[in-house]
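First the structure, in the form of structure tokens, and then the observations on it.
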Ligand SMILES: Cc1cc2nc3c(=O)[nH]c(=O)nc-3n(C[C@H](O)[C@H](O)[C@H](O)COP(=O)(O)OP(=O)(O)OC[C@H]3O[C@@H](n4cnc5c(N)ncnc54)[C@H](O)[C@@H]3O)c2cc1C
């Protein structure tokens, strides 16, 4: 089995059940939280039990999805509201998911990864986002932060760094953006100056997910004057003198996910921590973003599915004019449109993922998936608030949170305007490839 700890997630069906039991028994914090799950929650949460009929390549992938669904229903979803209201980063949840091997699913087993294709990893992410989007987004960012070494590192760097990055005990951050360089990442000013066998790095990165809590940082910095060809990539460990994180941003949503500036004041690192050759950093960043956009797409689909689950369950029991509101066409069509748009977005990210798994170009398709899925999530979560009426506007139900969370997915890892630029650029390339 690809999962690092087979006693926790087993490949055979009977073993899967045993693995689940052992996992829950070993993790008493999960057992306690999950014990009264269905009894204590409203019907909209019970609706999470609805199972998406997924096409998965192997029976072990199906077992993995079963386990994740179970984990989400019992342990993650019940904690999400309270944790998001508190705004405290749930480090212990990532530690537990890391123990299960869920932080490193798409990476090779020889480095401690799960060896799963993108179509499996992304559907796991979708199920996690359905229960707690902060957790799914955090995993997506961590996977992104590992990609530089996994895809562009030398064999020596992979042997040296990857097992620790993928063993589930550490969390990564991806540092590209700066205050004046978001969409225009090539305008970055953070400078890495070569000094013998070392680089000295100074500058300020902005909007960094996991900024204050990361164990390592995949960081892009300027090593030359040429805008995009003068950028290089570095792997920085936490705790390096001169590396500090700013105060966490106060965000509209994803409050459990911590975002901050990362300051670098003459941080010294060995040249053996430069990933790729000098000047290759922009390419490494774009490559990482292609895969990362698929992660954001999966998070968006999971979030929208959660909103639909909640709204459909509510509409079935909310009475107006002596009937349940889902009997009104005006409401049922909102639900039907949401279900259709979610299914379409899911198929588009899976199409892009299948291209990735097949080793085909998938950059354009990833941009299309991110554009469709995140715009869809914004529309669906807004419409599902409408289905709940006033109840949708207050914190008693999670749909208002889903709506706040959906917004940022249209902004991160390239705004949706930038996705359109990527797609439009591909139309000019010959031969033109149609999706
Ligand atoms: C919660 C959160 C987490 C984040 N996490 C990370 C992280 O972990 N690592 C990281 O590096 N960054 C991260 N970011 C930063 C994110 O990637 C940037 O916010 C994003 O790339 C947009 O940059 P910007 O905010 O500077 O917007 P700007 O680039 O200033 O854009 C402002 C507006 O102008 C539009 N625009 C800009 N250029 C064009 C153009 N050429 N054509 C059309 N429209 C254009 C944009 O679409 C947008 O609507 C995060 C941001 C947030 C909010």
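Each reported figure results from applying straightforward, stated rules to the coordinates on display, with no laboratory input. This is a predicted model, so every value here is computed, not measured. Glycine gets a Cβ as well: all are built from the backbone with ideal geometry, and neighbour counts include every protein chain shown.
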> For region 366-396, list residues with backbone N below 20 Å from a point placed 7 Å from the Cα of residue 344 toward its Cβ?
Replying inline: 366-387
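So what's the projected area for the chain, the Cα convex hull averaged over all directions, in nm²?
It is 21.1 nm².
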>> Less than 13 Å from a label point 7 Å out along the Cα-to-Cβ axis of residue 283: which backbone N atoms in region 152-183 qualify, by residue?
In response: 152-153
> Which of 63, 167, 272 moves the most in a Gaussian network model of the chain with Cα springs under 10 Å?
Replying inline: 272
>> At 7 Å along Cα-to-Cβ for each site, give me the label-to-label distance between residue 424 and residue 202 in nm.
In response: 3.9
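Considering all projection directions equally, how large on average is the shadow of the alpha-carbon convex hull of region 172-282, in square nanometres?
6.5
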>> With a 10 Å cut-off between alpha carbons and a GNM built on the chain, which of 389, 115, 295 moves the most?
In response: 389
> Is it possible to state the helix-based mean residue ellipticity at 222 nm for the chain, with each DSSP H run of 4+ residues giving -39500 (n - 2.57), the sum divided by total residues, to the nearest 500 deg cm²/dmol? What is it?
Replying inline: -16000 deg cm²/dmol
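Rounded, prolate or oblate: which one fits region 172-234, using the alpha carbon gyration tensor with axes a ≥ b ≥ c (rounded when a/c is under 1.5, else prolate when a/b beats b/c, else oblate)?
Numbers: a/c = 2.22, a/b = 1.17, b/c = 1.90.
It comes out oblate by the Cα gyration axes.
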>> What do you get for the angle between helix 363-388 and the principal long axis of the chain? Use alpha-carbon atoms, 0 to 90 degrees, nearest ten.
In response: 40
>> I'd like the distance between the alpha-carbon centres of region 323-369 and region 295-319, rounded to an integer number of Å.
In response: 13
> How far is helix 399-409 tilted off the main Cα axis of the chain, in degrees rounded to 10, range 0 to 90?
Replying inline: 30
> Is region 129-171 rounded, prolate or oblate when judged by the Cα gyration tensor, a ≥ b ≥ c being the square roots of its eigenvalues, rounded requiring a/c under 1.5 and prolate requiring a/b larger than b/c?
Replying inline: prolate
> With no solvent and one point on each alpha carbon, what is the Debye value of log10 I(q)/I(0) for region 285-427 at q = 0.12, 0.13, 0.17 Å⁻¹?
Replying inline: -0.51, -0.57, -0.85
> Can you give the angle from 0 to 90° between the axis of helix 77-86 and the longest principal axis of the chain, with both taken from C-alpha atoms, to the nearest 10?
Replying inline: 60
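How big is the shadow of the Cα convex hull of region 353-435, averaged over all directions, in nm²?
Over every viewing direction, the Cα hull of region 353-435 projects on average to 6.6 nm².
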> On full extension of the chain, what length is gained from residue 58 through residue 271, given 0.36 nm per residue of separation minus the C-alpha to C-alpha distance?
Replying inline: 72.5 nm
>> I want to verify a result. In a Gaussian network model of the chain, Cα cutoff 10 Å, which of these has the top mean-square fluctuation: 50, 245, 85?
In response: 50
> What full-extension length gain, to one decimal in nm, is calculated for residue 238 and residue 179 as 0.36 nm per residue of separation minus the Cα-Cα distance?
Replying inline: 19.1 nm
